[in-house]
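Structure first, commentary second.
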Amino acid sequence: MPRQLGELEDAVMTRVWQWNRPVTVREVLEDLQRERSIAYTTVMTVMDNLHQKGWVRREVDGRAYRYTAVSTRAAYSAALMNEAWSTSDNPAAALVAFFGMMSAGQREALQDAMRVVQRDDPATEAVTEPATEAATDPAEGDESPGGPGR
């Protein structure tokens, strides 16, 4: 499980994720300098640390490296959420509390995500499809006394 990125690591990775292409220390430095005063060697050290931790891969380009993200920001966020949830002594209560903190838009996104996961899970399809067909097929009918099966 990944540990949460530090503030400067996150600022660097945000750019790597957003740009979605190989980047140099110089490019990241110039963008960061719009927000703060920071040295080239600081950015170089952070990017080297991110490489050592497995967040980015790098390739030599002349006398410099070009860095590329190993995974997506979404995968990073999901891993952090999973880690936080799995360390709870009461995962169900943690989920209820988490859902309670969500905005309506976030809950809608969660419902959309659950539909995608359920649609892509063959085990879920096998369980839900027959029940749906039975509920909508008049031939299956009501087996109670006085119903079609009588």
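What follows is calculated from the coordinates using simple rules that are stated; it is not laboratory data. This structure is a prediction, so every number in the text was calculated from the model and none was measured. Using ideal geometry, Cβ is built from the backbone for each residue, glycine included, and neighbour counts are taken over all protein chains shown.
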Quiz item: Using the Karplus equation 6.51 cos²θ - 1.76 cosθ + 1.60 (θ = phi - 60°), what ³J(HN,Hα) coupling, rounded to whole Hz, does each residue of the range 28-40 give in order, writing x for Gly and Pro?
Solution: 5, 4, 4, 6, 5, 5, 5, 10, 7, 8, 8, 8, 3
Quiz item: What does the highest-first list of 21-29, 4-12 look like by mean Cβ count within 10 Å?
Solution: 21-29, 4-12
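In µm²/s, what is D for the range 34-86 at 20 °C and 1.002 mPa s, where D = kT/(6 pi eta Rh) by Stokes-Einstein and Rh is the Kirkwood radius from Cα pairs?
165 µm²/s
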Exercise. Just report the Cα centroid separation between the range 106-120 and the range 48-100, whole Å.
Key: 21 Å
Quiz item: Any idea how far the Cα center of the range 28-46 sits from the one of the range 1-27, in Å?
Solution: 12 Å
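Find how much the distance from ASN90 to ALA78 grows on full extension, using 0.36 nm per residue of separation minus their present alpha carbon separation; answer in nm with one decimal.
Details: separation 12, 0.36 × 12 = 4.32 nm, distance 1.90 nm.
Fully extending the segment from ASN90 to ALA78 adds 2.4 nm.
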Exercise. Return the inverse of the average 1/r over all pairs of distinct C-alpha atoms in the range 68-121, which is the Kirkwood hydrodynamic radius, in Å to one decimal.
Key: 12.8 Å
